[in-house]
């Protein structure tokens, strides 16, 4: 099963929200969708969810056109928007039961499915509480449960971890891994890049509505020749002095202050020579470690921070 976004365009007055966007992802994959605010991520997701129509181009879900057959695609797609359920006088169970009924599930089967989804998403003990009574993390679970109530083959998740505490983010990550194991194709946008990089099988970078790069994270890091940085912190020197000492070393290509450390790019893969030299100069090393390139580094290298 494949989702193929083909030359997608979506124009609004004075704005090209999406401009000739093309990439694909498959069943059994979690695919990251990354870009600055206003890059066109939500617009693309809404078109895939059949909530908007493109100006031109198309999206194909298992070969079925979103433009020509939205009713068919709607049954195959589950959408979790970046807004939370706001109903005050309905319980979690009633809310999920309503959507199960809307998707055509009936009687005993509907009740069994709703109970199963509540158990899968950890909502069983909250099912009799009103949505107004539960936490933001639980509301995110309710939103995810609603998106999967009809067992879609594609999941579209727009900032699902926004505002969650660390425990809730970990639990959400485990749920997404379980859904991937079920063979679902998952497209997820998030600004928490460190966590996104841990679970994604691939990623598409978008800016000003245009695709910049797409593919596996490790392949992009390799193709861009992003070598690991050596991060150094000293007990007896401030950062400016430490930076000056580091830059005197022949094997140092570039170096700069990064937060509370000095980040160093070497001309060689062996950083033991640098460590020995600094110790020989009397530097008391507090920290000396390699920082391998990851999703945040790709984001900073690929995007330019331009807004629509």
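Read-outs: derived from the displayed coordinates by stated rules, not from any lab. None of these values were measured; they are calculated from a predicted model. Glycine also receives a Cβ, built like all others from the backbone with ideal geometry; neighbour counts cover every protein chain displayed.
Observations, loosely collected:
- Contact order for the chain, expressed relative to its length and based on alpha carbon pairs under 8 Å spaced 6+ residues apart, stands at 22 percent.
- Cβ-based exposure ranking for 16, 7, in which fewest neighbours within 10 Å come first: 7, 16
- C-alpha long axis of helix 136-148 to longest principal axis of the chain, angle in °: 60
- Pair residue 64, residue 177: separation of 7 Å Cα→Cβ label points (nm): 3.1
- GNM flexibility winner over the chain from 113, 149, 285 (Cα, springs under 10 Å): 285
- Across the stretch 227-292, Cα-Cα pairs more than 15 Å apart make up 41 percent of the total.
- Length-normalised contact order for the stretch 227-292 - Cα pairs under 8 Å, 6+ apart - percent: 50
- Gain in span if fully extended, residue 249 to residue 128, counting 0.36 nm per residue against the direct Cα distance: 37.0 nm
- Two-decimal Rg/Rh across the chain, once Rg and the Kirkwood Rh are taken from alpha-carbon atoms: 1.08
- Kirkwood hydrodynamic radius of the stretch 23-115, Cα pairs, Å: 15.7
- Each peptide in 197-204, 269-276 was scored by the mean count of other Cβ atoms within 10 Å over its residues; highest first, the order is 197-204, 269-276.
- Separation of the stretch 77-91 from the stretch 140-186 is 13 Å, based on Cα centroids.
- Counting all C-alpha pairs of the stretch 103-252, share separated by more than 28 Å (%): 43
- Helix 92-102 axis versus longest C-alpha principal axis of the chain: approximately 60°, rounded to the nearest ten.
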